[in-house]
Structure formats: C-alpha cells, structure tokens
1. Counting only heavy atoms of the protein chains, get the accessible area per residue of the range 569-623 (1.4 Å probe) and round it to a whole Å² value.
2. With θ set to phi - 60° and the Karplus curve 6.51 cos²θ - 1.76 cosθ + 1.60, what are the ³J(HN,Hα) couplings of the range 547-559 in order, to the nearest whole Hz, using x for Gly and Pro?
3. Taking the Cα centre of each part, how many Å lie between the range 645-671 and the range 721-753?
4. Amide H neighbours of G602 under 5 Å, at least 5 residues apart or on other chains, H built in the peptide plane: list them.
5. Enter the accessible area of M727 (Å², nearest 10), with the probe set to 1.4 Å and all protein chains included.
6. Go ahead and run the numbers for FRET between D91 and N243, Cβ-Cβ distance against an R0 of 25 Å, rounding to 0.05.
7. Working with all protein chains in place, sort W56, W536, W725 by solvent-accessible area computed with a 1.4 Å probe, largest first.
8. Could you please put S716, S240 in sequence from largest to smallest accessible area, using a 1.4 Å probe?
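The values are calculated or read from the model by the stated rules, or taken from the named source; none is laboratory data. The structure presented is a predicted model; accordingly, all values stated were derived computationally and were not measured. So basically every Cβ, Gly included, is an ideal-geometry build from the backbone, and we count neighbours across all protein chains shown. Side chains included, ligands, DNA and RNA excluded: accessible areas come from the protein's heavy atoms. Shrake-Rupley method; radii C 1.70, N 1.55, O 1.52, S 1.80 Å.
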Amino acid sequence: MTFINIAGLGIGMAAAVLIAIWVQNELSFDRNQPGADNIYRIKANIAISKSENWVWESSPYILGEFASREVPQIVGVARMVSHSGDLHLLDGSKIITETKAAYVDEGWFKMFRYDFVDGSRDAFVKNPFSIILTQSTAKKYFGNQEAVGKVLRIGTNNYQVQAIVKDYPANSSFRYNVLLPIAAQRANPNEKKNFTEWGNYNFITFLKLRPHSSIKTVSDALFTIQHKNHQKDNGSEKFSLINLKDMHFETDLQSSAFLHTNRTIVNVFIVLAVLLLIIACINYVNLTTARASMRSKEVSVRKIVGACRGQLFSQFMSESLVLSLLALVLALVLVQLSLPWFRNFTDKQFENPFGSPVVLLIVGATLLISFLLNGIYPAVLLSSFNPMNVFRGKSMLNFKDTALRRTLVVMQFAISVVFIAGTLVIYRQLRFIETMDPGYNRSQVLSFSFPYWTIPHFDFKKAGEVLANVKQELKSQAATSDVSMASGGLVNFGSFSAGGFDWTGRPKDFNPSFAPLQADADFQKLMQLKMKEGRWFSNDIADKKAVILNETAVALTGLREPIIGQRFVHGDTGFIVGVVKDFHYKSLHDKIGPMIISNSTGEGFYIRTRPGNNQAAIAAAGKIWKQYFPNTPFVFEFLDETYNNLYKSEQQSSALITFFATIAIIISALGLLGLAAFTAGQKVKEIGIRKVLGASVQHIIRLLSVDFVMMVCIASIIAIPLAYWTMNKWLQEFAYRINLSWWIFAESAGIALLIALITVSFQSIKAALANPVNSLRSE
C-alpha cells in the first residue's frame, strides 16, 4: 500500500505541476516588461451600423503623433505593424521564408525591453533599411557566421542586419523572429500616404502613461483628436485602452496579430490541477485510515508506555512528510521526462521550469498542500483513540471513519465521471466539426497566393496576363482536375466590408457589413458550392458586374422576389445572377454572415487534384511557379489542413483533458485497488467460513464488490448534473454544436463503473479463489 500511496500521489503531483507550468505561462504573459502596469494599447471601437460594432487592435499612425503632443498623461508612444503573410528574404541566391516578422518604429525599443547580444539599437533606428534578428533566427540563417553586417534582400531593397537580440520567452506576445523599421515602409512612395491618413487603421499603437493616470481621460482625449482631424468621422469611431498585461485574454477583436487565450480555458485547467491533487490526496487519506487498524496495537503500546498524543501526532505527520517528499521526487522525475513532449504538444518553448522562482513556488505549494491534506486527518485519527478499546477487541475505527472514507471515494469517482463526460463531449464536438458538411468540398484542394509584389510597379495589367497564363498551364496538368482563382482564405475568411453597398428598398440608415469574396467562373464547380436559385458566373463579358449573394445576405437585405436580376451596388452598379446556399467560410465558433461574391479573379489559386495524385499535382504546380516566380518560394496549403488548424487550440485542450482525465482515473483505480485489497484482507476469515459453508466464487465476488459499485453509482448521480452544466457552458462558445444527449453521461457513468468493477474484481477473484484452510488455520 505504501507503493500505491507514493505512486498515486506522485502521479497526481506531476500532473498538477505540468498544468501549473502551463497556467503560469499564460497568466504571466507580457508581465516581464518594465513598467507593464502603465503600458496600454489603443483599441478602436467602430460602429458599422445600429446593430453591428467592430473592435480593432489597430489605429491610425498619425493618432499616436498627435496624442504624444496633446495628451499630458502620455510619456511614450510605440507602434508596430505585423507583416501580413510570409516575408521572403534573399541571401545571395538562397531564398529564406520568414513567418514571424514585424515593422516597429523608433519608440519601440524605448518602451519594450530587448536583450541585445550583438550590434545596437541606435544603428537599427538610424538606418531605415535595417534588420534585427533573434539569436535562434540568426543561427538558422547564417549558422555560426557573424550575422551583424550581413545583407538580405527584401523585394527591391537591401537590408543590413544591425543587431541580434535574445529570443523572447514563451510568455510574450512579441515573439517575432525578424524586426524591420517602419521607416522602411515610409520610404516607399506607395506606402507613405498611409502614415498621414486618419482613416487608415493599419498600425498597432502602444502608449506609456504616467502612473495613476485616468484611462477614461486618455481615451476621451484620443476620441477628441480623431474627431477633430478626421473629416469623414461621424462620431462612430471611439477608442479605449487595454493594459499590456490583459491583452493576452482579449476575445472581442475582429482579428489579431498576437496570440490570445480564452481565460475560461485557463480557469478550467486551474480547477483541473486542484482536482487532480485532491484525488491523489484522497487516496492517501483513504489508504492510511484503512490501515489504521493494522497499527492499532503499535499505537496502543506506545500510549501505555507513556507516549503522549502530541508525540504520536508529530510521528504520523513526519511519516506523511516523508511520503509526500518521496512522491514529490517521483513527480519531479515524471515532469522532467514529460517536458519535451509537453513543450512540443502545447507549442510553448518553456524554459527550464525548475529555474523559475514561480515554478519552484508552485512545487513548494504543491508539497505543502499535499502534506497538510494527507497528514492532518490520519494523524489526528491515529493519535486520538483509546488504547484499552483495542485490547478489549473493539475496533478503533467507528462508523464516522468508514462514512468519511466512503464519502471520499464517492468524491473521487464523481470527479472522474466529470472528466470522462467532458472528454466524451469534447471529442464528439470536434468530431462534429470534422465531419459536418461546410457547404463545400475541401478535400484534395490545395491553394496558394499569387505574389503581386513580384510584378514591377504593381502593374495590374501585367499581373492579369501572368494570372491567366499560370491558370491555363495549371489546368493542362494531368494531376489536376479543376483550377480556379478567388480571394484567399476561404476556410477562415477574414475580410469584411461596410459602406458602398446599395440595393432596391435599402433603408438609408441601414449599412450592414458583408464578407466580399472574389471568385471566377470556375470556382463554384471546383468547390462544389450549391446554388439555391439562379446561376453561377459565366465567362461572358456581360457577367463582369454580376454578383451572387448567400442566403444570409438575402435574408439580411430583405430583398423581395424575384431576387434574380435585381440591382445591387458593390462599388459599381451590378445585378444579382444567383443565390448560393450558405457555406461556412469562418470557424464554427461564428455564425454564417452575409456574403457577396463578385465576378473577379482574386489572388488565390485553388487546385483540385485527381484522386491519388496529390504529390504529382504539387510537383507540377511547383514547377510552373518556379518558371514564373524563380526568386519566390512556393508556399501552398491544403484546405483540409487549414480547416483543422482553426481548431488547434480545441484539439490541444481535448488531448490534454483526455490525458489528465486518464491520470485521474488511474489514480482513482489505484486507490480503489488498495482499498479492495485491504477489505479483502480484513474479511479473509469471513470469506473462508463462507466458502466452507458452501458459498460460490460468484457470491464472494459480489460480497466484496457491492459496496464499491454502490459508491461509484452514487458518484455518477452527483457528477452527471455538474458535468452537464460544465459542458453545456463550454459548447455555448460554438455557434454550431452537438446536442447533449443523455447517453453521453450514461456512457461516462458506465465507463467509471466498468473501471471500478475491473479494479475491484482483481482482488475479489483473488480472495474468492484462495484456499479457506489457510485463512482458518489459526482458529
């Protein structure tokens, strides 16, 4: 039983520590920045219509300049722009593709701390065509060569590496591998105008305020500045500030350049860690109190020869401390062995956790909590009974002790049933996401974007010719069945547009937003979209101004029948040729919104491959790509993979909860195994007598199992309402979700019962098959 105690407690502590490391990382995001309490990001709230409001993390560049001059509470301004898509760098003839790059202004390094290991901030600020790399990125690009001074080509400009900085920790929002000056964008004549336009919300602006400044006062001042200088502003644009330390938990943004986490998930894992520790401690208390009768004579003799209650209490608390320390050693070994997998799975490059004072504090707190939970009640129990009762043949344990032990087992399995139900519900929801019909066929479809930046002077006529040639060559490949062009990001369409839309019967004050998709005449066939009425675009020149609405857009606009042929203004005055059935162009967290599809080639190529020809299609597309864009890497994705990545966080949470639920069940089963062994040991003579009198093996197994089965049934009755409430709340985050059927919870209870039966039956069968002569020989 000592082994079961240490193993159960050690596994529980290891799981709690792993969860605590992840939780601590999430809760400490960006808190390592000096003066983080006074750093805020501007948040724009834009009223699109009476019923629709957009929330952006970006704001006009020029707003920061005016604010720094006119708002006395502001002592610093820093701005950044996250590079959209992949950044392609040329090192001689070698092409480097970087996915994490950002442009920052001269105030960035004054506000945020970076540890420079080579080069300097000043050199970066002075030269607009500079680059800063992180240590790991410099090593990836240049190996062991000196990186500072190297020249990399981006587009038509040469950029020189001016500095190397240490990699940012896992709990930072600013984990960019490449930093470039915003001044490089300002040097581009095509971009320069963006910096002076009050309606250009392309820049993320951070403000450093004086301590104890009024956030409302600063927000109101920003609104006044914008309203005074932006002639088109009608008061619909408002600003608020969010503290740097709270930024990681934002959930109301239209889109974001930073990594965010749902605070509810963090709270769930905090509760999960506590429950796992409680389950492990319940094992210890149960097994220790169950074994108390075996130590009754030892304690009685010690009391008779003069040991006081305090001495006995100290002895048992010391024993608890030793066992807790042994369990902690086991836990730390398990944590160390699990960390590589845990880092890889969570995609969080945690530094050595045991070098962190916070993690060491968590480990110490875990030890203290387990020591107190495990030690106090057993120590009080073992030091408090009357020794004479033992010598008179009375049990040292009374009804209350047995009732407490049963209550703890019920609590333990109730928690396990909740975990099992949660695992089943999350699995079913993710399975629902994977198998539901999104309204189009995404299988065997690969996509890639046309690199407009490779066309000199953004010559759109030249680009159109290249697009047509590339599409024609792709269609001629034997491995491809269909080719189309449309605006990118169909699976997670992030573009919305408001204003400039008009139709017959539109109220003057009604200006809803639409998702504007551009697609050519082949798109409907390739994606297998279903038409509700009308038709898709044709290649006829008359269709150039034609538009197609989805069902939600028709319902929103209130268009009257017949819809086909009606006027619809989208930039140019056009006409409706069809209504497409609703399809999911966003995550299932969001409801399908109104979409307008225009007859135009977007920047995205979509290729449906012939069955079994994926690799051949990729090779053929790559060859064509290299022919037209020799200095640009061929980057593609399959829509199935993109779709699955939308739910990566849910998949991670599901796997982690399944993993920790399994641990909870193993710990519970270990405790039940120990209790069953103890019960069988206590009843060994009773079992022997029953067998001599003719009791069958089945009768003995039923005798030893019935109490445990009853406890698990009671645990299930308690757990099911709690599991229903918890999982129903989690499902509310999805606009499209499964129904919580009763059988999910019945299955959860059945699994728990089956595990309990298997665990108890092992000892029951062993006791039932034992020779009764051996147990009755001493009588």
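1. 39 Å²
2. Here the 3J(HN,Hα) series is 10, 10, 10, 8, 4, 5, 5, 5, 5, 5, 6, x, 4 Hz.
3. 15 Å
4. A486, S487, D520
5. 20 Å²
6. Calculated transfer efficiency: 0.05.
7. The most accessible residue leads, giving W725, W56, W536.
8. Most to least solvent-accessible, the answer reads S240, S716.
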